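To start, the structure under review is shown below, and the notes come after it.
Derivation of every value follows stated rules applied to the coordinates shown; laboratory data play no part. All figures in this text were calculated on a predicted structure; none of them were measured in a lab. Heads up, the Cβs are rebuilt from the backbone with ideal geometry, glycines too, and the neighbour counts pull from every protein chain shown.
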Amino acid sequence: MEEKKTVLSVKHMSVSFTQYERWIQRTTLLAVKDVSLTVKEGELVAVVGSSGSGKSLLAHGVLGILPYNASWTGEISYYGEKLTEKRMEELRGREIVLVPQSVSYLDPLMKAGPQIRKGKCDPKSREESVKTLLRYGLDESVEKRYPFELSGGMTRRILISTAVMEKPRLVIADEPTPGLHLEAAKRVLSHFREMADEGAGVLLITHDLELALEIADRIVVFYAGTSVEEASASDFKEETCLRHPYSKALYKAMPDHGFWAAPGTQPYLKDRPSGCPYAPRCEIREDGCLKEVEYVGLRGGMVRCRKAKEE
């Protein structure tokens, strides 16, 4: 079997913000620290973590749409070539697309059809947009409706339609299901699985581990601005297959596994401890966990944990 090509490669990516305290004291906040991941053709990789863990910043950093006071370091490659700012501008919206978290990205004063077609009015574009609507369970009449005339699930599917019209090779979906009931959320996420099955690389940013496990090939677990584990979705079938204590805590917090809540809370990025960010909450921590911890391969996945390496 021919090996799938790597669509996206992120190596040692960090994102920081310049801030001012008391108007004059300049400080730097490290929001995302040393993140590495890959997405291959036909693969859906889900980045999972709680709110404030830095997941969306990762997506925005890859797309080159960080705020003005942000800067990043690391290396991003697209099909093996370095993804420069100029090259990203050429590819963004065509080969590389974002399905954003907020439906406010849709123009409230423009009907759905022209937004899907990106203003094109030729018969071929209109035919393609109608086919895309039908594919996602929306009839042709939706083209003539404004966003405020559509339900939450329908506007989500419109956002997806605007993305797939360009036949993208890399799709980045940033929390695409907030506010949707369970069945609608499952339906929306199934569309991303379809994109991957058709050959695109899909990077899904989500806080919903249960839903991610239904469609993802691999899971990257985020905590306090960094990746603590990368595992295949099948590893989450058994706690013993997981590598990091936080991943195991997420496993035990799922409804089918007891709804157990780990003591403590995720630290604010400004208060992130040195070493493993989960160490203050970890039952198996040791003094070495408070020092810098490398992200290393283990049992077919990746982990940032000194104790895991001893297993």
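If you filter region 1-47 down to residues that are within 16 Å of the chain's Cα centre (by Cα) and among the polar types (S, T, N, Q), you find that the one that is farthest from residue 69 (Cα to Cα) is 38.
Every residue, every condition in (1) out of contact with any Lys or Arg (no Cβ under 9 Å at 6 or more places or on another chain); (2) touching a residue at least 40 places away in the same chain (Cβ under 8 Å), yes or no:
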{"position": "74", "(1), (2)": "no, yes"}
{"position": "81", "(1), (2)": "no, no"}
{"position": "94", "(1), (2)": "no, yes"}
{"position": "112", "(1), (2)": "no, yes"}
{"position": "129", "(1), (2)": "no, no"}
{"position": "135", "(1), (2)": "yes, no"}
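Of the listed requirements (1) more than 30 Å from residue 211 (Cα to Cα); (2) within 19 Å of the chain's Cα centre (by Cα), residue 84 misses just one: (2).
Testing residue 293 on (1) in a loop (DSSP other than H, G, I, E, B); (2) in contact with a helix residue (DSSP H, G or I) (Cβ under 7 Å, 6 or more places away or on another chain), one condition comes back false. Which one is that? Evaluating residue 293 over (1) in a loop (DSSP other than H, G, I, E, B); (2) in contact with a helix residue (DSSP H, G or I) (Cβ under 7 Å, 6 or more places away or on another chain) leaves (2) as the failure. Across region 280-311, the number of residues qualifying as under 24 Å from the mean Cα position of the chain (by Cα) and free of Cβ contacts under 8 Å to residues at least 40 places away in the same chain comes to 4. Every test in (1) assigned to a loop (DSSP other than H, G, I, E, B); (2) in contact with an Asp or Glu (Cβ under 8 Å, 6 or more places away or on another chain); (3) closer than 12 Å to residue 229 by Cα is passed by residue 248 save one, and that test is (1).
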